[in-house]
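Take a look at the structure set out below.
Nothing in this text is a laboratory measurement; each read-out follows from the coordinates by a stated rule. Keep in mind that what you see is a predicted model, and the values were worked out from it rather than measured. Here the Cβ positions follow ideal geometry from the backbone for every residue, glycine too, while neighbour counts run over all protein chains shown.
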Amino acid sequence: MSHFPNGFLWGGATAANQYEGGWNEGGRGPSLSDVTTGGSVNSPRMITWIDKYGSPHASPSHGFILPEGASYAVLEDYYYPNHKATDFYHHWKEDIALFAEMGFKVFRMSISWSRLYPTGMEDEPNQEGVEFYRQVFQELKAHGIEPLVTIWHFDTPLYLEEQKNGWNNRELVDLYVKFAKTCFEEYKGLVKYWLTFNEINNTVMFLDMFGNVANDEAFQRAYLQLHHQFLASAKAVKLAHEIDPEYKLGCMICGIAFYPATNDPNDILLNRNLWEKNIFYCSDVQCKGEYPRFAKRLWKEHDVDLAISEEDRKILKEGTVDFYTFSYYMSNSITTHQAEDKAGGNGVEGVKNPYLKYSDWGWAFDPVGLRYFLKVIDDRYHKPIMIVENGLGAYDKVEEDGSIHDPFRIEYYRKHIQEMDKAIEEGVDLIGYTTWGCIDLVSAGTGEMRKRYGFIYVDMDDEGNGSMARSKKDSFYWYKKVIASNGEDL
Ligand code: P53
């Protein structure tokens, strides 16, 4: 007997910048991903720009800061996979029908900020953009699928990045709230679940990963950007509850389970400190409405000064979220010792864990780590939890007859769902599960198409060739069965 409660929210997850496409259609303005090229597991994605003399440049996207007088630019010699992505913009009806066929109860998507506010500065939203999402939500509703909407999924309008210095600037707080207010007012009655910021903790967590050594200045910037995002999130939560008391707002954390690689007490302590910095720092503010005590240690470590006012504290206190959501792909083993066998791939660096297998992109396959993460979060926050991303980025092969056999993907999900079941049995209040990239989309980390997550295959490659035709992988039929049996038939 499985332990999933009645009404458990099974579904899938996507994000506008990686799925929607139509980057210059319907009055949409550009965002950072539109000037970001494709990359691979070994070569970073590049941001393209022109300097003040008009010369073109491409620089690795991680940690990139636009030089004085320069501007972002789409350059002719490069391919930008997010422009078309996998074209939800023109395939939404067909795709939603496929999600409904799998029996989805919930569908996670995001609203592109620059589709509603092309530069972020307009007083009124772009009506064509507003109507695009309205018809999508109506279609979901017609199929009995609850939308779960991320307001910000890495896609600040490019104008704000370039002219306003992005989230370093406090002005972004109210520009975001204006955008969020439009969403809450326009889609009242169509949407119930909202997430304010996707993987809000990445800003600080990834600063000193990727083999990067970040300096104090970078930490000051990252913590300040986060402070602005916390304020924006809290203001949006308060406003949402005023607009519709039925609205449920969630935080969204990149959930990596950190483990000490040895039982050296120094490793145990480092591990604890990493949980604080990478996971608890953000969700404490968003769930408890105040900075945790250990924040002082983190700020002191890098000489960070946030000048938090009494008014800021009040805003944070009044905008705590209703539920906790996180993505989960892997665990990461860390040590104070010299690492002999490094684990890596895009995003995460640590020591190879001899008890785990790794994906082709270097991500640890660790279903038990998901249960561990759920237990930690349940214990700390006592809020309903949704896992809003989980999945395996892998190569898929289309057979002669058009079928796609992905037993490795089924196995990945089966093992993770079994651990979710056990967590629920142990008392964790898990209310939903949306697998990442339920339909193939552009990888955030590498910009690749070949790193596929979907139950639904999309005919599109890394160079932009393909018909965008949709087809069902074996995992499509498997997940359908899982949902129909409420997690019983794995
Ligand atoms: P991709 C790194 C580590 C964990 C989660 O990632 C991450 C990243 C960023 O690459 O991001 C989330 O596409 C993110 C999604 C992203 C997904 O994980 O690199 O919320 O936008 O696509 C998977 O394989």
statement: To the nearest 20 debye, the chain has a Cα-centred charge dipole, built from +1 on Lys and Arg Cβ and -1 on Asp and Glu Cβ, of 1060
message: Please list, by residue number, every one of the chymotrypsin sites (Phe, Trp or Tyr not before Pro) in the stretch 363-434 that is coil in DSSP and has at most 14 other beta-carbon atoms within 10 Å.
response: Y395
message: Apply the Karplus curve 6.51 cos²θ - 1.76 cosθ + 1.60, θ = phi - 60°, to the phi angles in the stretch 183-188 and return the couplings in whole Hz, x for Gly and Pro.
response: 4, 5, 7, 5, 10, 4
- request: For a quick protection proxy, order the peptides 255-261, 78-84 by their average other-Cβ count within 10 Å, most packed first.
  value: 255-261, 78-84
field: Ratio of the Cα radius of gyration of the stretch 406-490 to 2.2 N^0.38 Å, where N counts its residues
entry: 1.25
statement: Applied in sequence order to the stretch 21-28, the curve 6.51 cos²θ - 1.76 cosθ + 1.60 (Karplus, θ = phi - 60°) yields integer Hz couplings, x standing for Gly and Pro, of x, x, 4, 10, 10, x, x, 6
D_trans [Stokes-Einstein, Kirkwood Rh over alpha-carbon pairs] for the stretch 380-423, 37 °C, 0.692 mPa s, µm² s⁻¹: 253
query: Looking at the chain, what % of its DSSP beta bridges pair antiparallel, to the nearest 5?
result: 35
query: Which ³J(HN,Hα) values in Hz, rounded to whole numbers, follow from the phi angles of the stretch 478-485 under the Karplus curve 6.51 cos²θ - 1.76 cosθ + 1.60, where θ = phi - 60° and Gly and Pro get x?
result: 5, 5, 4, 5, 4, 5, 4, 9
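Please work out the ratio of the alpha-carbon Rg of the stretch 284-330 to 2.2 N^0.38 Å and round it to two decimals. Present the calculation step by step, with values, prior to reporting the outcome.
On the way: Rg = 13.1 Å, N = 47, 2.2 N^0.38 = 9.5 Å.
Cα Rg divided by the expected 2.2 N^0.38 Å: 1.38.
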- line: Length-normalised contact order of the stretch 40-151, Cα under 8 Å, at least 6 apart, in percent, tallies to 21
field: Calculated [θ] (222 nm, deg cm²/dmol) that DSSP helices of n ≥ 4 give over the chain, each run adding -39,500 (n - 2.57)
entry: -11000 deg cm²/dmol
Binned Cα-Cα distance frequencies in the stretch 310-441 - 5 Å width, integer %: 2, 9, 16, 17, 16, 14, 12, 7, 4, 2, 1, 0, 0, 0
- request: Have a look at T86, G39, Y72 and report the one farthest towards the positive end of the charge dipole of the stretch 1-93, computed about the Cα centre with Cβ charges (Lys/Arg +1, Asp/Glu -1).
  value: T86
task: For K296, go through the aspartates and glutamates and keep the ones whose alpha-carbon is under 12 Å away, minus same-chain ones fewer than eight residues off.
output: E276, D305
Sparse-neighbour loop sites [GluC sites (Glu not before Pro); the stretch 1-85; at most 14 other C-beta within 10 Å; DSSP]: E25, E68, E76
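Could you put R108, R115 in order, starting from the residue whose Cβ has the fewest other Cβ atoms within 10 Å?
R115, R108
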message: For a bin width of 10 Å, list the pair-distance distribution of the stretch 202-307 built from all Cα-Cα distances, rounded to whole %.
response: 13, 41, 31, 12, 3, 0
query: Can you give the Kirkwood hydrodynamic radius for the stretch 89-149, in Å, rounded to one decimal and based on Cα pairs?
result: 12.4
message: Please compute, for the alpha-carbon atoms of the chain, the extent along each of the three principal axes and give them in descending order in Å.
response: 56, 56, 47
- line: The lysines whose Cα lies under 29 Å from the Cα of K352, excluding any fewer than 8 residues away in the same chain, are K277, K342, K375, K397, K415, K422, K451
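Which whole-number percent is the relative contact order of the stretch 178-264 (Cα, under 8 Å, 6+ apart)?
49
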- request: Identify all lysines with a Cα-Cα distance to K181 below 17 Å; exclude those on the same chain that are fewer than 8 residues away in sequence.
  value: K192, K235, K238, K248
field: Percentage relative contact order, the chain, counting C-alpha pairs under 8 Å, at least six apart
entry: 18
